Amino acid sequence: MITNKQKQLVKDTAPILREHGLVLTSHFYRRMFTHHPELKNVFNMGNQQSGKQQTALALAVLAYAENIEDPSVLASPVTKIGHKHVSLDIRPEHYAIVGKHLLASIREVLGDAASDELIDAWAVAYSQLAALMTGVEATLYSQAIAKEGGWTGWRPFQVKEKVKESEEITSFYLYPADGGKVADFLPGQFVSVRLFLPELNLFQPRQYSISNAPNGEYYRISVKKETGANIRPNGMISNRLHEHVKEGDILEMASPAGDFILDTSKEGPVVLISGGVGQTPLISMLEYLISTSSHRDVVWIHGARNMAVHAFKEQITSLKDQREQFQSHIFYDVLDESLPLEEYYPGVVDLQQISHEVILPDAQYYICGPAPFIEKQYKDLVKLGIEKSHIHYEEFGPNVLALP
């Protein structure tokens, strides 16, 4: 049990973490991977290269230090991290390794400022945090295996269909290779896929939103191909799926996870706002509403660079023609003059331009896309008078957004 004095010692390090947290977490990862290179098969090395993982950890450590007196206020981010960990098959033994190297890094980075008393305080605090996290994750693992067709760890799935959705996005239809059942999931959740990358000589996991409604037969992921001369490790996995994975191949997958989900307890309108490949979890939500014959009004708002890279556009057009409770607003950076201007708009998604269609009584808003896109749409919704509790968003990769 952590004492009040130890809590204060941890809390007193918050200003240091606020200023030098990234230095600490960068040192921590270098140290841990030096002593445990096998963990490179567990961690996303693309996020390591970009610095996103170091930033996310620095923010998490800072948040914990600032709220050490009442960690319960961190319930939402702890749950979100727990879902990510379960999808990567993180186990309690990993926490012991992380704790050892995090404490050593605090001592090495802070130098003389890291007294034995401070390290002891952080050791107790970390033990408390690890117990909190492993408790959340144990519950999620138990929930996964309690489902029909549920599992933990990595399970083989066969690619039975590979469908090109646009110039950049291809869908993969994944069926259990063992012939077993497919566990149910909640619209908006994701799965982790693990591939071996010869370029890095590592297994690498990547998380992809499930882009179909639950159907009891398969999962569909829709993956964007990365282009450019210098493809980072994140792009290596996506491009390997596009270029090397064929119909009939086997992929390893973790069970569905994630807390960015459609709230099916509500009956009001649903407004789905996406940028680029960020539409994938929202497509799952949309298909669920259709497959369950929901009477909820749906507004679909999507932004893409142009028509050629816009995936699922035929499906959206068909829905607009067939379903009265559905309307769509598409924004293209480059707009073809032949498109109807009442449905297509030039430039980036601008909610204020279509505010008369967006501001609906009792609506729930779901946003997914690149971080700057999410931030803009969130702030615009707040300016338009939408309650923050009605706005939900999913940031791909490590969570670094902290919107007020």
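Out of curiosity, is T170 more than 25 Å from P92 (Cβ to Cβ) and either modelled with pLDDT of 95 or more or surrounded by fewer than 16 Cβ atoms within 10 Å (Cβ to Cβ) (or both)? Give the steps one after another, and end with the answer.
Numbers: more than 25 Å from P92 (Cβ to Cβ): yes; either modelled with pLDDT of 95 or more or surrounded by fewer than 16 Cβ atoms within 10 Å (Cβ to Cβ) (or both): yes.
Taking the combined requirement at face value, the residue satisfies it.
Let's see how each residue does on (1) without any contact (Cβ under 8 Å) to a residue 24 or more places away in the chain; (2) under 24 Å from I273 (Cβ atoms); (3) in a loop (DSSP other than H, G, I, E, B); (4) in contact with a helix residue (DSSP H, G or I) (Cβ under 8 Å, 6 or more places away or on another chain):
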position	(1), (2), (3), (4)
V191	no, yes, no, yes
E199	no, no, yes, yes
Q204	no, no, no, yes
A213	no, yes, yes, yes
G216	no, no, yes, no
F260	no, yes, yes, yes
Practice task
Kindly establish whether S222 is within 23 Å of H390 (Cα to Cα) and either without any contact (Cβ under 8 Å) to a residue 24 or more places away in the chain or not in a loop (DSSP other than H, G, I, E, B) (or both).
Solution key: no
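Would a scan of the range 285-308 turn up a residue that is assigned by TED's automatic domain parsing to the domain that holds P361, of a type in the set (A, V, I, L, M, F, W, C), over 22 Å from L360 (Cα atoms) and modelled with pLDDT under 95? So that I can check it myself, show each step before the final result.
Residues of the range 285-308 that are assigned by TED's automatic domain parsing to the domain that holds P361, as a first pass: 285-308.
Filter again for of a type in the set (A, V, I, L, M, F, W, C), leaving 285-286, 289-290, 298-301, 304, 307-308.
Remaining after also requiring over 22 Å from L360 (Cα atoms): 304, 307-308.
Now drop any that are not modelled with pLDDT under 95, which leaves 307-308.
Yes, that holds for at least one residue.
Identify all residues within the range 336-375 that are touching a residue at least 12 places away in the same chain (Cβ under 8 Å) and part of a helix (DSSP H, G or I); write none if there are none.
Here is the first cut: in the range 336-375, the ones touching a residue at least 12 places away in the same chain (Cβ under 8 Å) are 336, 339, 343-352, 354-355, 357-371, 373-375.
Result: L351, Q352, I354, S355, E357, V358, A371, F373, I374, E375.
Report yes if S284 is touching a residue at least 40 places away in the same chain (Cβ under 8 Å), closer than 24 Å to A257 by Cα and not in a helix (DSSP H, G or I), otherwise no.
On the way: touching a residue at least 40 places away in the same chain (Cβ under 8 Å): yes; closer than 24 Å to A257 by Cα: yes; not in a helix (DSSP H, G or I): no.
Judged against the criteria, S284 is not a match.
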Exercise for the section: Would you be able to tell me the number of residues in the range 11-51 that are touching a residue at least 60 places away in the same chain (Cβ under 8 Å) and aliphatic (A, V, I, L, M)? Expected result: 6
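The values are calculated or read from the model by the stated rules, or taken from the named source; none is laboratory data. Values in this document were obtained by computation on a predicted structure and should not be read as measured data. We place every Cβ from the backbone using ideal geometry, glycine too, and count neighbours over all the protein chains shown.
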